[in-house]
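Below is one structure; the comments refer to it alone.
The values are calculated or read from the model by the stated rules, or taken from the named source; none is laboratory data. Just so it is clear, the structure is predicted and the values come from calculations on it, not from any experiment. As a convention, Cβ positions derive from the backbone with ideal geometry for all residues, glycine included, and neighbour counts pool all protein chains shown.
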Amino acid sequence: MSVVELLQTSAAVDGVPPSSPPVVEPDEAPVLGPLPSSVSGSMAIGQSIGTAIEALLANKLRATLTMLGIIIGVGAVIIMIGLGQGAQQSVQQRLAGLGTNLLVVTPGSANVGGVRTGSGALPTLNAADAQAIQNEIPGITALSPDVEVGGVQVVAGDQNWNTSVQGDSPAIFTIQNWQIASGSAFDDADETSGALVADIGQTVAQNLFGSADPVGQTILIRGVPFKVKGVLASKGSNGFRDQDDVILIPFTTAQIRLFNRSYVNNIYVQVAQTSQINAIQQQITTLLETRHRIQPGQPDDFRVRNNDQVINTAQQATDTLTFLLAGVAAVSLIVGGIGIMNIMLVSVTERTREIGVRMAIGARTGNILSQFLIEAIAISFAGGLIGILLGVGGSLGMSALAGWNAVVSVQAIALSFGFAALVGVFFGYYPARKASQLDPIQALRYE
(Lines give C-alpha, C1' and ligand atoms only; values in the text may rest on other atoms or scores of the structure.)
Protein backbone atom coordinates (compact mmCIF):
# COMPACT_ATOMS: atom_id res chain seq x y z
CA MET A 1 0.00 0.00 0.00
CA SER A 2 1.34 3.40 -0.94
CA VAL A 3 1.63 6.32 1.48
CA VAL A 4 -1.26 8.13 -0.24
CA GLU A 5 -3.49 5.06 0.00
CA LEU A 6 -2.54 4.68 3.69
CA LEU A 7 -3.54 8.26 4.50
CA GLN A 8 -6.77 7.92 2.48
CA THR A 9 -7.62 4.72 4.32
CA SER A 10 -7.11 6.46 7.64
CA ALA A 11 -9.39 9.31 6.57
CA ALA A 12 -12.06 6.91 5.37
CA VAL A 13 -12.01 5.10 8.69
CA ASP A 14 -12.66 8.45 10.40
CA GLY A 15 -15.66 9.04 8.12
CA VAL A 16 -14.01 11.72 6.07
CA PRO A 17 -14.27 11.47 2.26
CA PRO A 18 -11.03 10.50 0.63
CA SER A 19 -9.11 13.40 -0.68
CA SER A 20 -5.71 14.26 -1.83
CA PRO A 21 -2.96 13.78 0.78
CA PRO A 22 -2.47 16.67 3.15
CA VAL A 23 0.22 19.09 2.23
CA VAL A 24 2.66 19.78 5.06
CA GLU A 25 4.07 23.25 4.89
CA PRO A 26 7.77 23.65 5.72
CA ASP A 27 6.99 25.76 8.81
CA GLU A 28 4.57 23.10 10.05
CA ALA A 29 6.92 20.16 9.64
CA PRO A 30 6.69 17.75 12.60
CA VAL A 31 9.59 17.41 14.97
CA LEU A 32 9.82 13.79 13.91
CA GLY A 33 10.96 14.33 10.34
CA PRO A 34 10.88 11.66 7.64
CA LEU A 35 13.67 9.15 7.57
CA PRO A 36 13.74 7.24 4.24
CA SER A 37 14.68 3.59 4.38
CA SER A 38 17.50 4.20 1.95
CA VAL A 39 19.44 6.24 4.52
CA SER A 40 22.45 4.33 5.81
CA GLY A 41 22.76 3.16 9.44
CA SER A 42 25.17 5.89 10.49
CA MET A 43 23.09 8.59 8.80
CA ALA A 44 19.95 7.19 10.45
CA ILE A 45 21.54 7.42 13.88
CA GLY A 46 22.76 10.92 13.10
CA GLN A 47 19.31 12.04 12.05
CA SER A 48 17.78 10.38 15.12
CA ILE A 49 20.17 12.34 17.31
CA GLY A 50 19.28 15.56 15.50
CA THR A 51 15.54 15.06 15.79
CA ALA A 52 15.91 14.02 19.44
CA ILE A 53 17.78 17.23 20.24
CA GLU A 54 15.15 19.26 18.36
CA ALA A 55 12.42 17.61 20.41
CA LEU A 56 14.21 18.40 23.68
CA LEU A 57 14.86 22.00 22.67
CA ALA A 58 11.19 22.39 21.76
CA ASN A 59 10.32 21.59 25.39
CA LYS A 60 13.20 23.18 27.30
CA LEU A 61 11.42 23.57 30.64
CA ARG A 62 10.13 20.03 30.71
CA ALA A 63 13.54 18.63 29.75
CA THR A 64 15.24 20.71 32.45
CA LEU A 65 12.83 19.57 35.15
CA THR A 66 13.25 15.98 33.99
CA MET A 67 17.02 16.06 34.26
CA LEU A 68 16.84 17.75 37.69
CA GLY A 69 16.54 14.37 39.39
CA ILE A 70 19.68 13.15 37.61
CA ILE A 71 21.55 16.36 38.50
CA ILE A 72 20.72 16.03 42.18
CA GLY A 73 21.44 12.30 42.19
CA VAL A 74 24.87 12.54 40.54
CA GLY A 75 25.87 15.52 42.68
CA ALA A 76 24.73 13.77 45.87
CA VAL A 77 26.63 10.58 45.00
CA ILE A 78 29.88 12.50 44.39
CA ILE A 79 29.50 14.53 47.60
CA MET A 80 28.61 11.52 49.75
CA ILE A 81 31.44 9.37 48.39
CA GLY A 82 33.81 12.32 48.81
CA LEU A 83 32.82 12.77 52.45
CA GLY A 84 33.07 9.03 53.10
CA GLN A 85 36.52 8.77 51.52
CA GLY A 86 37.60 11.90 53.37
CA ALA A 87 36.54 10.35 56.67
CA GLN A 88 38.37 7.16 55.75
CA GLN A 89 41.52 9.12 54.92
CA SER A 90 41.35 10.97 58.24
CA VAL A 91 40.94 7.71 60.16
CA GLN A 92 43.85 6.13 58.29
CA GLN A 93 46.09 9.10 59.06
CA ARG A 94 45.23 8.97 62.74
CA LEU A 95 45.67 5.21 62.95
CA ALA A 96 48.99 5.48 61.12
CA GLY A 97 50.15 7.56 64.07
CA LEU A 98 49.64 4.51 66.27
CA GLY A 99 52.05 2.56 64.08
CA THR A 100 51.63 -0.03 61.33
CA ASN A 101 52.68 -3.70 61.45
CA LEU A 102 52.73 -3.17 65.20
CA LEU A 103 52.47 -5.62 68.08
CA VAL A 104 51.98 -4.28 71.60
CA VAL A 105 52.88 -6.50 74.55
CA THR A 106 51.12 -5.46 77.78
CA PRO A 107 51.07 -6.97 81.30
CA GLY A 108 48.17 -9.21 82.30
CA SER A 109 45.47 -8.72 84.89
CA ALA A 110 45.56 -9.55 88.58
CA ASN A 111 43.11 -11.67 90.57
CA VAL A 112 42.75 -10.39 94.14
CA GLY A 113 40.18 -12.16 96.31
CA GLY A 114 38.25 -13.28 93.25
CA VAL A 115 38.21 -9.75 91.82
CA ARG A 116 40.04 -9.46 88.51
CA THR A 117 41.62 -6.12 87.66
CA GLY A 118 42.03 -4.77 84.17
CA SER A 119 44.77 -5.58 81.69
CA GLY A 120 48.14 -4.07 82.64
CA ALA A 121 47.63 -4.33 86.37
CA LEU A 122 50.48 -6.80 86.94
CA PRO A 123 54.16 -5.71 86.78
CA THR A 124 55.10 -8.83 84.79
CA LEU A 125 57.12 -7.31 81.93
CA ASN A 126 60.63 -5.92 82.20
CA ALA A 127 63.43 -4.62 80.00
CA ALA A 128 64.99 -8.10 79.85
CA ASP A 129 61.81 -9.41 78.20
CA ALA A 130 62.07 -6.68 75.59
CA GLN A 131 65.73 -7.47 74.97
CA ALA A 132 64.98 -11.19 74.60
CA ILE A 133 62.26 -10.50 72.03
CA GLN A 134 64.62 -8.35 69.99
CA ASN A 135 67.52 -10.84 70.15
CA GLU A 136 65.68 -14.15 69.65
CA ILE A 137 62.88 -13.42 67.18
CA PRO A 138 63.76 -12.58 63.56
CA GLY A 139 61.70 -10.26 61.35
CA ILE A 140 61.51 -7.37 63.84
CA THR A 141 62.57 -3.97 62.50
CA ALA A 142 62.14 -1.87 65.64
CA LEU A 143 61.40 -2.43 69.32
CA SER A 144 60.91 -0.14 72.29
CA PRO A 145 60.12 -0.87 75.93
CA ASP A 146 57.82 1.78 77.37
CA VAL A 147 57.38 3.29 80.80
CA GLU A 148 54.41 5.63 80.96
CA VAL A 149 53.08 7.72 83.83
CA GLY A 150 50.06 10.00 83.54
CA GLY A 151 49.10 13.00 85.59
CA VAL A 152 52.66 14.32 85.96
CA GLN A 153 52.96 18.01 86.85
CA VAL A 154 55.54 19.77 84.68
CA VAL A 155 56.89 23.28 85.39
CA ALA A 156 58.57 25.77 83.04
CA GLY A 157 59.31 29.17 84.57
CA ASP A 158 56.07 30.49 86.03
CA GLN A 159 53.91 28.08 84.00
CA ASN A 160 52.90 24.51 84.80
CA TRP A 161 50.95 21.76 83.08
CA ASN A 162 49.67 18.29 83.98
CA THR A 163 50.52 15.79 81.26
CA SER A 164 51.68 12.26 80.45
CA VAL A 165 55.38 11.29 80.40
CA GLN A 166 56.63 8.33 78.36
CA GLY A 167 60.06 6.75 78.63
CA ASP A 168 60.97 4.97 75.38
CA SER A 169 63.94 3.99 73.27
CA PRO A 170 64.71 6.16 70.20
CA ALA A 171 62.97 3.53 68.04
CA ILE A 172 59.62 4.90 69.27
CA PHE A 173 59.86 7.76 66.78
CA THR A 174 59.79 5.21 63.94
CA ILE A 175 57.33 2.82 65.54
CA GLN A 176 54.68 5.44 66.33
CA ASN A 177 55.51 7.66 63.35
CA TRP A 178 56.52 10.69 65.44
CA GLN A 179 57.86 13.62 63.41
CA ILE A 180 59.91 16.49 64.80
CA ALA A 181 58.54 20.01 64.20
CA SER A 182 61.60 21.80 65.62
CA GLY A 183 64.81 20.79 67.32
CA SER A 184 65.72 17.09 67.23
CA ALA A 185 64.75 13.74 68.74
CA PHE A 186 66.76 12.12 71.51
CA ASP A 187 69.12 9.45 70.17
CA ASP A 188 70.96 6.28 71.19
CA ALA A 189 73.68 8.28 72.96
CA ASP A 190 71.01 9.98 75.12
CA GLU A 191 69.49 6.56 75.80
CA THR A 192 72.80 4.99 76.79
CA SER A 193 73.88 7.83 79.07
CA GLY A 194 70.45 8.39 80.63
CA ALA A 195 70.49 12.04 79.51
CA LEU A 196 68.00 14.49 80.99
CA VAL A 197 66.49 15.52 77.65
CA ALA A 198 62.90 15.54 76.44
CA ASP A 199 60.80 15.95 73.31
CA ILE A 200 57.48 17.61 74.07
CA GLY A 201 54.14 17.56 72.24
CA GLN A 202 52.44 20.59 70.74
CA THR A 203 49.86 20.83 73.55
CA VAL A 204 52.54 20.82 76.21
CA ALA A 205 54.64 23.38 74.32
CA GLN A 206 51.66 25.71 73.91
CA ASN A 207 50.69 25.58 77.58
CA LEU A 208 54.21 25.93 78.97
CA PHE A 209 55.81 28.32 76.49
CA GLY A 210 53.00 29.93 74.48
CA SER A 211 54.42 31.35 71.25
CA ALA A 212 58.06 31.16 72.43
CA ASP A 213 60.46 28.53 71.08
CA PRO A 214 60.77 25.72 73.67
CA VAL A 215 63.91 24.16 72.15
CA GLY A 216 66.84 24.55 74.55
CA GLN A 217 64.59 25.61 77.44
CA THR A 218 64.47 23.79 80.79
CA ILE A 219 61.41 22.10 82.25
CA LEU A 220 61.01 20.43 85.64
CA ILE A 221 59.48 16.95 85.67
CA ARG A 222 58.86 15.86 89.27
CA GLY A 223 61.44 18.42 90.26
CA VAL A 224 64.11 16.99 87.92
CA PRO A 225 65.41 19.49 85.32
CA PHE A 226 65.15 18.36 81.67
CA LYS A 227 66.36 20.18 78.58
CA VAL A 228 63.83 20.41 75.75
CA LYS A 229 65.62 18.84 72.79
CA GLY A 230 62.75 19.00 70.31
CA VAL A 231 59.07 19.67 69.73
CA LEU A 232 56.93 16.89 68.23
CA ALA A 233 54.82 17.51 65.15
CA SER A 234 51.10 17.56 65.85
CA LYS A 235 49.09 14.34 65.58
CA GLY A 236 45.79 15.55 67.00
CA SER A 237 43.30 13.30 68.78
CA ASN A 238 43.08 9.59 68.07
CA GLY A 239 39.52 9.41 69.37
CA PHE A 240 40.62 8.46 72.89
CA ARG A 241 43.02 11.21 73.97
CA ASP A 242 45.05 14.17 72.77
CA GLN A 243 48.19 12.61 71.27
CA ASP A 244 49.99 15.97 71.45
CA ASP A 245 49.62 16.14 75.25
CA VAL A 246 52.74 14.04 75.94
CA ILE A 247 56.44 14.26 76.81
CA LEU A 248 58.89 11.66 75.47
CA ILE A 249 62.14 10.99 77.35
CA PRO A 250 64.81 8.24 77.00
CA PHE A 251 63.80 4.89 78.50
CA THR A 252 66.81 4.53 80.82
CA THR A 253 66.29 8.08 82.09
CA ALA A 254 62.64 7.37 82.90
CA GLN A 255 63.26 3.96 84.46
CA ILE A 256 66.29 4.78 86.62
CA ARG A 257 66.50 8.53 87.18
CA LEU A 258 62.85 9.63 87.18
CA PHE A 259 60.40 6.84 88.07
CA ASN A 260 62.74 4.21 89.58
CA ARG A 261 60.86 1.26 88.11
CA SER A 262 62.06 -2.25 87.31
CA TYR A 263 59.08 -3.13 85.14
CA VAL A 264 57.68 -1.70 81.89
CA ASN A 265 54.13 -0.78 80.91
CA ASN A 266 54.36 -1.86 77.27
CA ILE A 267 56.73 -3.36 74.72
CA TYR A 268 56.20 -1.99 71.21
CA VAL A 269 57.31 -4.35 68.41
CA GLN A 270 57.29 -3.35 64.74
CA VAL A 271 57.32 -6.22 62.24
CA ALA A 272 59.04 -5.98 58.85
CA GLN A 273 56.23 -7.54 56.76
CA THR A 274 52.50 -7.71 57.31
CA SER A 275 52.45 -11.37 56.26
CA GLN A 276 54.73 -12.23 59.21
CA ILE A 277 52.80 -10.45 61.93
CA ASN A 278 50.65 -13.40 63.06
CA ALA A 279 53.63 -15.77 63.15
CA ILE A 280 55.76 -13.31 65.13
CA GLN A 281 52.85 -12.70 67.51
CA GLN A 282 52.78 -16.43 68.25
CA GLN A 283 56.58 -16.57 68.65
CA ILE A 284 56.49 -13.70 71.18
CA THR A 285 53.75 -15.49 73.11
CA THR A 286 55.75 -18.74 73.22
CA LEU A 287 58.96 -16.94 74.23
CA LEU A 288 57.35 -15.02 77.09
CA GLU A 289 55.49 -18.12 78.33
CA THR A 290 58.86 -19.86 78.56
CA ARG A 291 60.56 -16.90 80.29
CA HIS A 292 57.70 -16.47 82.77
CA ARG A 293 57.45 -20.25 83.40
CA ILE A 294 53.79 -20.43 82.48
CA GLN A 295 52.60 -24.03 82.34
CA PRO A 296 50.24 -25.34 79.63
CA GLY A 297 46.64 -24.60 80.52
CA GLN A 298 47.52 -21.71 82.80
CA PRO A 299 46.52 -18.14 81.81
CA ASP A 300 49.27 -15.88 80.49
CA ASP A 301 50.39 -12.98 82.67
CA PHE A 302 50.71 -10.80 79.57
CA ARG A 303 48.85 -9.98 76.39
CA VAL A 304 50.07 -9.51 72.80
CA ARG A 305 47.81 -7.18 70.82
CA ASN A 306 47.91 -6.89 67.03
CA ASN A 307 47.47 -3.21 66.15
CA ASP A 308 46.71 -4.01 62.49
CA GLN A 309 43.47 -5.65 63.61
CA VAL A 310 42.33 -2.31 65.02
CA ILE A 311 43.35 -0.53 61.82
CA ASN A 312 41.56 -3.06 59.59
CA THR A 313 38.42 -2.87 61.72
CA ALA A 314 38.37 0.91 61.47
CA GLN A 315 38.93 0.79 57.71
CA GLN A 316 36.08 -1.69 57.28
CA ALA A 317 33.82 0.59 59.29
CA THR A 318 34.65 3.62 57.14
CA ASP A 319 34.23 1.54 53.95
CA THR A 320 30.77 0.52 55.14
CA LEU A 321 29.96 4.16 55.89
CA THR A 322 31.09 5.21 52.40
CA PHE A 323 28.96 2.54 50.69
CA LEU A 324 25.99 3.46 52.87
CA LEU A 325 26.23 7.14 51.97
CA ALA A 326 26.65 6.33 48.27
CA GLY A 327 23.67 3.98 48.41
CA VAL A 328 21.45 6.62 49.98
CA ALA A 329 22.51 9.12 47.33
CA ALA A 330 21.96 6.59 44.54
CA VAL A 331 18.27 6.39 45.50
CA SER A 332 17.83 9.89 44.11
CA LEU A 333 19.23 8.66 40.79
CA ILE A 334 16.57 5.94 40.73
CA VAL A 335 13.92 8.56 41.42
CA GLY A 336 15.35 10.67 38.62
CA GLY A 337 15.17 7.68 36.29
CA ILE A 338 11.52 7.15 37.14
CA GLY A 339 10.94 10.82 36.32
CA ILE A 340 12.57 10.31 32.92
CA MET A 341 10.32 7.33 32.17
CA ASN A 342 7.24 9.25 33.27
CA ILE A 343 8.00 12.27 31.09
CA MET A 344 8.94 10.11 28.11
CA LEU A 345 5.62 8.23 28.37
CA VAL A 346 3.81 11.56 28.40
CA SER A 347 5.85 12.64 25.39
CA VAL A 348 4.93 9.46 23.51
CA THR A 349 1.24 10.09 24.21
CA GLU A 350 1.45 13.73 23.10
CA ARG A 351 3.27 12.87 19.88
CA THR A 352 1.28 9.77 18.91
CA ARG A 353 -0.14 11.28 15.71
CA GLU A 354 3.28 12.66 14.86
CA ILE A 355 4.76 9.17 15.21
CA GLY A 356 2.03 7.81 12.95
CA VAL A 357 2.84 10.37 10.24
CA ARG A 358 6.50 9.48 10.37
CA MET A 359 5.75 5.76 10.13
CA ALA A 360 3.39 6.41 7.25
CA ILE A 361 6.11 8.10 5.23
CA GLY A 362 8.69 5.35 5.76
CA ALA A 363 10.18 5.45 9.24
CA ARG A 364 10.97 2.04 10.63
CA THR A 365 10.46 0.66 14.14
CA GLY A 366 14.18 0.98 14.86
CA ASN A 367 14.18 4.65 13.87
CA ILE A 368 11.41 5.49 16.35
CA LEU A 369 13.01 3.36 19.08
CA SER A 370 16.44 4.97 18.63
CA GLN A 371 15.08 8.53 18.65
CA PHE A 372 13.15 8.21 21.93
CA LEU A 373 15.97 6.23 23.52
CA ILE A 374 18.45 8.93 22.47
CA GLU A 375 16.21 11.58 24.05
CA ALA A 376 16.27 9.70 27.38
CA ILE A 377 20.03 9.16 27.22
CA ALA A 378 20.63 12.81 26.29
CA ILE A 379 18.69 13.93 29.36
CA SER A 380 20.74 11.58 31.55
CA PHE A 381 24.05 12.66 30.03
CA ALA A 382 23.29 16.37 30.33
CA GLY A 383 22.05 15.91 33.88
CA GLY A 384 25.11 13.81 34.69
CA LEU A 385 27.55 16.47 33.46
CA ILE A 386 25.81 19.22 35.43
CA GLY A 387 25.62 16.92 38.45
CA ILE A 388 29.38 16.30 38.28
CA LEU A 389 30.03 20.04 38.39
CA LEU A 390 27.58 20.38 41.29
CA GLY A 391 29.13 17.45 43.17
CA VAL A 392 32.73 18.60 42.75
CA GLY A 393 31.82 22.17 43.68
CA GLY A 394 29.79 21.01 46.69
CA SER A 395 32.62 18.78 47.95
CA LEU A 396 35.21 21.54 47.64
CA GLY A 397 32.81 24.02 49.25
CA MET A 398 32.17 21.78 52.26
CA SER A 399 35.89 21.18 52.63
CA ALA A 400 36.65 24.92 52.54
CA LEU A 401 33.71 26.31 54.53
CA ALA A 402 32.84 23.56 57.01
CA GLY A 403 36.36 22.21 57.41
CA TRP A 404 35.26 18.67 56.50
CA ASN A 405 37.77 16.47 54.77
CA ALA A 406 36.27 15.59 51.36
CA VAL A 407 38.11 13.64 48.66
CA VAL A 408 36.93 14.07 45.04
CA SER A 409 38.10 10.97 43.18
CA VAL A 410 37.95 10.09 39.50
CA GLN A 411 36.40 6.75 40.46
CA ALA A 412 33.46 8.47 42.19
CA ILE A 413 32.88 10.73 39.18
CA ALA A 414 33.04 7.81 36.74
CA LEU A 415 30.77 5.68 38.92
CA SER A 416 28.09 8.34 39.30
CA PHE A 417 28.17 9.33 35.61
CA GLY A 418 28.07 5.70 34.45
CA PHE A 419 25.15 4.99 36.77
CA ALA A 420 23.33 8.04 35.41
CA ALA A 421 23.82 6.80 31.84
CA LEU A 422 22.58 3.34 32.83
CA VAL A 423 19.50 4.90 34.43
CA GLY A 424 18.77 6.77 31.18
CA VAL A 425 18.99 3.61 29.09
CA PHE A 426 17.02 1.46 31.56
CA PHE A 427 14.15 3.86 32.19
CA GLY A 428 14.10 5.25 28.67
CA TYR A 429 13.84 1.91 26.90
CA TYR A 430 10.23 1.14 27.83
CA PRO A 431 8.76 4.46 26.55
CA ALA A 432 10.93 4.20 23.43
CA ARG A 433 9.75 0.66 22.74
CA LYS A 434 6.15 1.67 23.35
CA ALA A 435 6.52 4.45 20.78
CA SER A 436 8.10 2.11 18.23
CA GLN A 437 5.30 -0.46 18.63
CA LEU A 438 2.46 1.97 17.82
CA ASP A 439 0.18 0.96 14.98
CA PRO A 440 0.53 3.59 12.19
CA ILE A 441 -3.21 3.68 11.37
CA GLN A 442 -4.26 3.96 15.00
CA ALA A 443 -1.59 6.63 15.55
CA LEU A 444 -2.89 8.68 12.62
CA ARG A 445 -6.39 8.54 14.04
CA TYR A 446 -5.21 9.75 17.47
CA GLU A 447 -6.41 13.21 18.52
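May I ask you to list pairs of residues, at least six apart or on different chains, whose Cβ atoms are under 7 Å apart, with the first in the stretch 341-362 being free of Cβ contacts under 8 Å to residues at least 60 places away in the same chain and outside the structural domain of residue 420 (by TED's automatic domain parsing) and the second being small (Gly, Ala, Ser) and part of a helix (DSSP H, G or I)?
Hits for this filter: zero, empty list.
If I ask for residues that are surrounded by fewer than 24 Cβ atoms within 10 Å (Cβ to Cβ) and polar (S, T, N, Q), which ones from the stretch 376-387 would you list?
Within the stretch 376-387, none qualify.
Could we say that residue 390 is within 23 Å of residue 342 (Cβ to Cβ), modelled with pLDDT of 85 or more and buried (at least 17 other Cβ atoms within 10 Å of the Cβ) here?
Against the criterion (within 23 Å of residue 342 (Cβ to Cβ), modelled with pLDDT of 85 or more and buried (at least 17 other Cβ atoms within 10 Å of the Cβ)), residue 390 qualifies.
So which residues in the stretch 289-305 are surrounded by fewer than 22 Cβ atoms within 10 Å (Cβ to Cβ) and either within 16 Å of residue 123 (Cα to Cα) or in contact with a His (Cβ under 7 Å, 6 or more places away or on another chain) (or both)?
289, 291, 292, 293, 294, 299, 300, 301, 303, 304 - these are the residues of the stretch 289-305 that are surrounded by fewer than 22 Cβ atoms within 10 Å (Cβ to Cβ) and either within 16 Å of residue 123 (Cα to Cα) or in contact with a His (Cβ under 7 Å, 6 or more places away or on another chain) (or both).
In the stretch 359-447, which helices (runs of 4 or more DSSP H) lie fully inside it and hold 2 or more residues that are under 24 Å from residue 90 (Cβ atoms) and not β-branched (Val, Ile, Thr)?
365-401, 410-436
Taking residue 287 and the conditions (1) part of a loop (DSSP other than H, G, I, E, B); (2) touching a helix residue (DSSP H, G or I) at 6+ places or on another chain (Cβ under 9 Å); (3) not β-branched (Val, Ile, Thr), which numbered condition does it fall short on, given that it satisfies the others?
Against the list (1) part of a loop (DSSP other than H, G, I, E, B); (2) touching a helix residue (DSSP H, G or I) at 6+ places or on another chain (Cβ under 9 Å); (3) not β-branched (Val, Ile, Thr), residue 287 comes up short only on (1).
Only one of 230, 223 is over 33 Å from the mean Cα position of the chain (by Cα) and on the phi > 0 side of the Ramachandran plot; which?
223
Please tell me if residue 235 is of a type outside the set (Ser, Thr, Tyr), in contact with a Ser or Thr (Cβ under 7 Å, 6 or more places away or on another chain) and either in a helix (DSSP H, G or I) or buried (at least 20 other Cβ atoms within 10 Å of the Cβ) (or both).
So residue 235 does not fit the description; no.
Kindly provide the set of residues from the stretch 266-285 that are over 28 Å from the mean Cα position of the chain (by Cα), surrounded by 16 or more Cβ atoms within 10 Å (Cβ to Cβ) and aliphatic (A, V, I, L, M), ordered by number.
Listed by number, the residues that qualify are 267, 269, 280, 284.
Matching residues to (1) modelled with pLDDT of 90 or more; (2) outside the structural domain of residue 255 (by TED's automatic domain parsing); (3) surrounded by fewer than 19 Cβ atoms within 10 Å (Cβ to Cβ); (4) not aromatic (Phe, Trp, Tyr):
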{"site": "97", "(1), (2), (3), (4)": "no, yes, yes, yes"}
{"site": "100", "(1), (2), (3), (4)": "no, yes, yes, yes"}
{"site": "116", "(1), (2), (3), (4)": "no, yes, yes, yes"}
{"site": "131", "(1), (2), (3), (4)": "yes, no, yes, yes"}
{"site": "136", "(1), (2), (3), (4)": "yes, no, yes, yes"}
{"site": "140", "(1), (2), (3), (4)": "yes, no, no, yes"}
